[in-house]
Every structure is written in structure tokens, then in C-alpha cells.
1. What accessible area, summed over both chains, is buried at the B-A interface (1.4 Å probe, Å², nearest 100)?
2. Taking the solvent-accessible surface of protein heavy atoms with a 1.4 Å probe, what is the per residue accessible area of the protein assembly as shown in Å²?
3. Report the rotationally averaged projected area of chain A based on its alpha-carbon convex hull, in square nanometres.
4. Could you list the residues of the range B:21-59 with an amide nitrogen less than 16 Å from a label point located 7 Å from the Cα of B:Ala168 in the Cα-to-C-beta direction?
5. When the helices in the protein assembly as shown are scored as -39500 (n - 2.57) per DSSP H run of 4 or longer and the sum is shared across all residues, what 222 nm value do you end up with, to the nearest 500 deg cm²/dmol?
6. Filter the trypsin sites (Lys or Arg not before Pro) in the range B:1-78 down to the DSSP loop ones having no more than 14 other Cβ atoms within 10 Å, then list what survives.
7. Would you rank A:Asp64, A:Asp120 by solvent-accessible area, highest first, keeping every protein chain in place and using a 1.4 Å probe?
8. Between A:Arg114 and B:Thr218, what FRET efficiency follows from the Cβ-Cβ distance if R0 is 22 Å, with the result rounded to 0.05?
Amino acid sequence: MHLDHSTTLPHHHSHSAEPVRPDGSRRALRVGLGGPVGSGKTAAVAALCRTLRDRLSIAVVTNDIYTREDAEFLRREAVLSPERIAAVETGACPHTAIRDDISANLEAVEQLERTLRPLDLILVESGGDNLTATFSRGLVDTQVFVIDVASGDDIPRKGGPGITTADLLVVNKTDLAPHVGADLDTMAADARRQRGPLPVAFISLATTGGIGPVADWLTERLTAWHARGTA
Amino acid sequence: MTGAALLVLADGRFPAGGYAHSGGMEAAVASRSVHDAASLAAFCRGRLHTAGLTAAGLAAAAAAGHDPLMLDGAADARTPAPAVRAAARRLGRQLLRAARATWPSPDLDLLARSRPQGVHQPVVLGATARTAGLAPLDAARCAAYESAAGPATAAVRLLGLDPLDATALLARIAGEVDDVARAATDAASRVTADGVGALPAASAPLLDIIGERHAARTVRLFAS
């Protein structure tokens with residue numbers, strides 16, 4: 001796995017999402033998790049919650065395509081208490097909800113902030129979509145794109161906005177690589193070519209502690225988030 | 001007044017959350033009452049002349065400068081189904097967010113502060129139109145058009161109907177949209193003299209029933 005990267009956060013301008021509230025307090029870091037159907041976004045969210053919930057106050061917004069299954073899964077697995085999980089409907093347009101018209105997601109995020117204050121971290125999970133789906137910078141501060149080796153090791157080569165621009169690219173299910181004939185070295189080389197210095201994490205959530213690299217990266221982003229404005 | 005502002009406000013791409021709502025279409029498709037271009041047309045015309053007319057009246061009155069909180073009460077009285085009311089307030093909140101960013105104004109800020117839980121969408125639409133320098137008739141047109149265009153777009157996604165048929169339908173009923181908008185604006189012009197009772201109160205019981213039914217479904221694409 002590769003975790004070289006910069007911890008600078010993009011400059012953020014949004015009508016609704018200034019990092020510091022009028023009263024001087026800092027809102028939660030908003031992190032988007034996107035990626036194709038079945039790549040392990042919900043499993044990654046669950047693992048992040050389990051790993052970080054003891055030291056951080058976390059909430060999750062899910063964008064299910066046509067059910068509330070992802071939200072239900074997270075509730076059933078009891079990764080967070082139910083009031084910390086909100087579901088947004090996307091009218092068959094998951095990419096619209098996270099990119100072109102973020103109003104429903106912003107509502108959900110703000111509602112969580114209001115009722116659970118203080119929150120450190122809000123994870124916004126997109127509905128499973130295609131390789132062009134990315135989050136608006138008006139909705140999230142930083143974003144993770146999750147793909148998996150079993151969907152084909154040529155995905156990093158194909159690129160697309162998710163692969164090339166996400167702040168962290170996660171390649172999940174590395175344990176399956178030998179079974180599906182995926183070449184992890186090729187995937188890593190292709191990802192480097194597409195992403196330059198942006199980090200890539202190769203993980204297997206089937207392994208105990210498999211989410212570690214993503215949790216570490218997120219913790220670093222959170223530290224950078226807290227350092228902003230206090231300097 | 002600027003005509004282009006009307007295009008901005010009426011544009012389906014205006015980021016105010018409408019794309020995730022079907023105006024009852026998903027429930028109508030689920031119960032098979034809408035299944036083809038002809039039944040789509042019947043549904044859209046029905047919604048235009050009921051919920052659309054009522055929404056257009058509220059929008060025109062708000063655009064004319066009547067108290068939005070009073071109109072919000074009038075909207076509540078005209079929206080008996082709790083699920084439909086909740087959807088209208090939610091869309092109102094989302095529209096108000098977009099409107100305040102697009103046409104900043106103290107009036108819109110005050111409206112947001114007065115009702116944090118949201119104001120009915122047609123009322124926000126009218127208040128927004130006023131801020132954008134548009135006339136009551138413009139706001140009414142917007143509301144009336146959206147009452148048919150929203151479900152038509154949803155039907156294209158739900159049924160795989162030819163999008164050209166859906167658009168041709170909207171063009172075909174454009175005259176009716178104008179008639180509804182004019183009737184709504186006329187009614188709104190009587191609010192000063194006769195109070196909010198002058199506003200249209202056309203209802204569609206079936207839309208209310210399927211709206212409630214839809215809210216109870218666990219598997220759905222659209223929020224309403």
C-alpha cells in the first residue's frame with residue numbers, strides 16, 4: 001500500500017459550509033466515499049466507524065439508490081447508534097445528489113450537526129455509481145474513491161474523475177487478487193500514472209484491521225482540519 | 001425585471017432538490033395507473049389542474065408580496081396529507097437555501113430564520129421570484145409548469161418512456177399551464193381584499209392517498 005500524499009485541504013467556499021461557524025466553533029470534517037456498486041463502500045464506512053468511534057464523534061449519511069438498505073445495514077451492524085445515521089433518497093440519480101444538486105445531502109449533514117453537536121466527522125456515502133461520479137466541494141471537504149480488484153484490474157488505467165481526482169483512492173478486496181487474476185503491481189503503477197502524488201491505499205476488509213490505512217489517512221486529514229484556522 | 005431570471009428559476013437544473021421527487025408519479029407507476037404516454041398525460045394534466053393550480057396561487061400571492069408566513073398557513077390548510085406536507089416543506093427548505101445563495105436578500109434570510117423547519121415550496125418559490133424581480137404571473141407559471149414537468153421527468157426514469165414524448169406532452173399542455181397560471185394570479189390579486197380564502201384550494205384526493213402510501217414504502221427511488 002502507498003500512503004504518500006499531501007495533507008493540505010482544498011480551499012473551501014460554499015454558501016452553507018464555512019469551516020468555522022459564526023460563533024467560532026468548528027464544524028465536523030465532511031468526507032465523501034464514492035465508487036462503483038459493490039466495491040465495498042458500506043463495508044468501509046462500517047469498518048471506519050468501528051475503528052474510530054471510541055475517539056471521535058461520528059455520523060453517517062447514506063445515499064441509497066432505491067432502498068434504505070445501506071442505512072439499515074449500518075444500523076443492524078450497530079456500528080453507530082441509529083440517530084447517527086441518516087439516509088437520503090436520490091431519485092435514480094445518485095451522482096446528482098452528491099455533485100449537481102447537493103441540497104438534500106447538505107440538509108442531512110446539517111441536521112446531524114445540529115442534533116449531535118459536537119461532531120468530529122461526517123461520512124457521506126454515495127450510492128453505487130459509475131467511474132465519473134465525484135462529490136461537490138460544496139458538500140464534502142475531502143473524498144475517497146473506493147474500487148475493488150475483482151471488478152477488473154484495468155480500472156485504474158481507465159481513469160475517470162473518481163480515479164484521477166479523489167483525495168484518496170482505495171483499492172479494496174486485495175485478498176481476492178489471486179483468485180480473479182488481478183495484478184496489484186499493474187494497478188498500483190496505473191494509479192500512480194493517473195493520480196501523480198495523490199495517495200492510494202490497497203486494502204482487504206476481510207483482514208482484521210484491514211481498514212487501518214484508510215483510518216490513518218482520515219485521522220491525518222482531521223488533524224489538518226483542526227490545525228486550519230487555529231494557526 | 002429580467003426575463004432571464006425566470007429561466008434560471010424555472011430551469012430543472014436549478015439545484016433545489018426537485019430531481020429526487022416524483023410528485024406522486026412513482027406511486028402512480030407502482031399502482032399501474034400510469035404505464036404509457038397516454039396515462040402519463042392524464043396524470044400530468046390532473047396534477048396541473050389540482051395541486052398545480054393551488055401551488056400557482058400560493059406562489060403568485062407570495063410574489064405579490066403577501067406575508068409568506070400567512071401563506072404558509074394557507075398552504076398547510078390546502079395540503080391535508082402529512083407526507084405531502086412534509087415533502088413540500090422539505091423542498092421549500094432546499095429551494096430557500098438555493099435562493100438565498102442565488103438572489104441574496106434580507107427578506108429570504110428572515111423567512112429562513114422565522115421557519116427553520118421550512119415553508120411550503122410554492123410560497124418560497126413566490127418569495128424567491130419577488131426577490132429576483134419577477135412578477136406574480138411568472139411565479140405562478142413556474143409553479144404550474146413544475147407541477148406537470150416534475151412527474152413527467154420522473155416517469156421517463158421510472159418507465160423508460162421516450163423522453164421526446166414526455167417533452168412533447170409538456171409542449172402540448174403549455175396553453176393549459178398558462179391558463180392555470182393566469183387563473184392563479186387573478187385569485188392572488190384578490191388576497192388583499194378577500195384574504196387567503198381567495199386563493200385556489202383545488203385538491204386531488206388520489207394524490208394525497210398515493211403520497212401517503214409512497215411514504216410508507218421501504219423500496220423507492222424518489223423521496224415523494
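The values are calculated or read from the model by the stated rules, or taken from the named source; none is laboratory data. Being a predicted model, the structure only gives us computed values, none of them experimental. Cβ sites come from the backbone with ideal geometry, for glycine too, and all protein chains shown count toward neighbours. Side chains included, ligands, DNA and RNA excluded: accessible areas come from the protein's heavy atoms. Shrake-Rupley method; radii C 1.70, N 1.55, O 1.52, S 1.80 Å.
1. For B against A, buried area totals roughly 1700 Å².
2. Value returned for the protein assembly as shown: 42 Å² of accessible area per residue.
3. 11.9
4. B:36-42
5. -15000 deg cm²/dmol
6. B:Arg13, B:Arg32
7. Sorted descending by solvent-accessible area, the residues read A:Asp120, A:Asp64.
8. That pair, A:Arg114 with B:Thr218, gives E of 0.25.
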